[in-house]
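The values are calculated or read from the model by the stated rules, or taken from the named source; none is laboratory data. Since we're looking at a predicted model, the values are computed, not measured. In this analysis, Cβ positions are derived from the backbone assuming ideal geometry, glycine residues included, and neighbour counts consider all displayed protein chains.
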Amino acid sequence: MKTYLLAWNPKRWQWDNIVQMSDDVKIGKIVLDRWSSGVSKRPQKGDRFFLIRLGEEPKGIIASGSIERDSFVDLHWNEEKSSLGETTNYVEIKYDTLLNPDSDSILPRELLINMLPLSEMHWDTQMSGVQIPNNVANELETLWTGFNNSSIFTFPEELDATQEEIFEGAVHRILVNS
């Protein structure tokens with residue numbers, strides 16, 4: 001399995017239904033999408049992707065998931081180019097995480113460019129479909145998992161005081177992030 005970076009620049013394309021799509025992913029719905037892979041035909045079914053928002057703040061990783069269909073050619077996403085018959089490469093993707101950058105914290109670009117080995121990758125790409133080197137992809141995966149799980153962290157003083165009593169010998173699961 002390879003890992004690819006897909007890019008979104010809101011200055012070039014408005015994502016009108018990102019709020020609904022993000023909400024659907026958060027409640028566990030399967031959300032499929034089609035994303036341009038630029039000139040790259042290399043992403044294939046079963047590969048992993050991360051989606052970075054560039055162009056305007058906040059910049060950073062907003063989504064991840066799997067590639068569900070091999071690269072294919074279709075009319076260009078830009079209406080002007082499409083009307084001239086121009087094409088581009090696409091992949092069908094399935095999100096496992098999709099954050100709304102207008103309301104959710106995203107994994108900041110600054111962290112990506114300042115932390116080894118992540119800084120070995122050129123994150124300010126002008127096109128989608130760039131393969132992320134394995135060592136960078138592994139570190140990104142670890143960082144992304146921790147980043148997404150940090151939103152469920154609860155301090156002991158935030159626990160609900162009305163919780164049922166715990167009796168000696170009873171089994172009770174407590175999750176702790178460190």
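Residues to consider are GLU68, GLU92; find the one that is closer than 24 Å to LEU140 by Cβ and in contact (Cβ under 8 Å) with a residue 40 or more places away in the chain. Spell out how you get there, then give the answer.
Working: GLU68 fails: in contact (Cβ under 8 Å) with a residue 40 or more places away in the chain.
Testing whether each residue is closer than 24 Å to LEU140 by Cβ and in contact (Cβ under 8 Å) with a residue 40 or more places away in the chain leaves just GLU92.
I need the full set of residues from the stretch 1-28 which are assigned to a loop (DSSP other than H, G, I, E, B), surrounded by 12 or more Cβ atoms within 10 Å (Cβ to Cβ), out of contact with any strand residue (DSSP E or B) (no Cβ under 8 Å at 6 or more places or on another chain) and charged (D, E, K, R), in order please.
If the condition is that a residue be assigned to a loop (DSSP other than H, G, I, E, B), surrounded by 12 or more Cβ atoms within 10 Å (Cβ to Cβ), out of contact with any strand residue (DSSP E or B) (no Cβ under 8 Å at 6 or more places or on another chain) and charged (D, E, K, R), then ARG12 is the only one that fits.
Can LEU84 be described as among the hydrophobic types (A, V, I, L, M, F, W, C) and either over 27 Å from SER150 (Cβ atoms) or touching a His at 6+ places or on another chain (Cβ under 6 Å) (or both)?
Against the criterion (among the hydrophobic types (A, V, I, L, M, F, W, C) and either over 27 Å from SER150 (Cβ atoms) or touching a His at 6+ places or on another chain (Cβ under 6 Å) (or both)), LEU84 qualifies.
Name every residue in the stretch 118-170 that is outside any helix (DSSP H, G or I), at pLDDT 90 or above and hydroxyl-bearing (Ser, Thr, Tyr), in order of residue number.
THR125, SER128
Within the stretch 99-106, is even one residue out of contact with any Cys (no Cβ under 8 Å at 6 or more places or on another chain), more than 24 Å from ILE18 (Cβ to Cβ) and free of Cβ contacts under 8 Å to residues at least 60 places away in the same chain? So that I can check it myself, show each step before the final result.
Kept after step one, since they are out of contact with any Cys (no Cβ under 8 Å at 6 or more places or on another chain), are these residues of the stretch 99-106: 99-106.
Now restrict to residues that are more than 24 Å from ILE18 (Cβ to Cβ): none.
Within the stretch 99-106, none of the residues are out of contact with any Cys (no Cβ under 8 Å at 6 or more places or on another chain), more than 24 Å from ILE18 (Cβ to Cβ) and free of Cβ contacts under 8 Å to residues at least 60 places away in the same chain.
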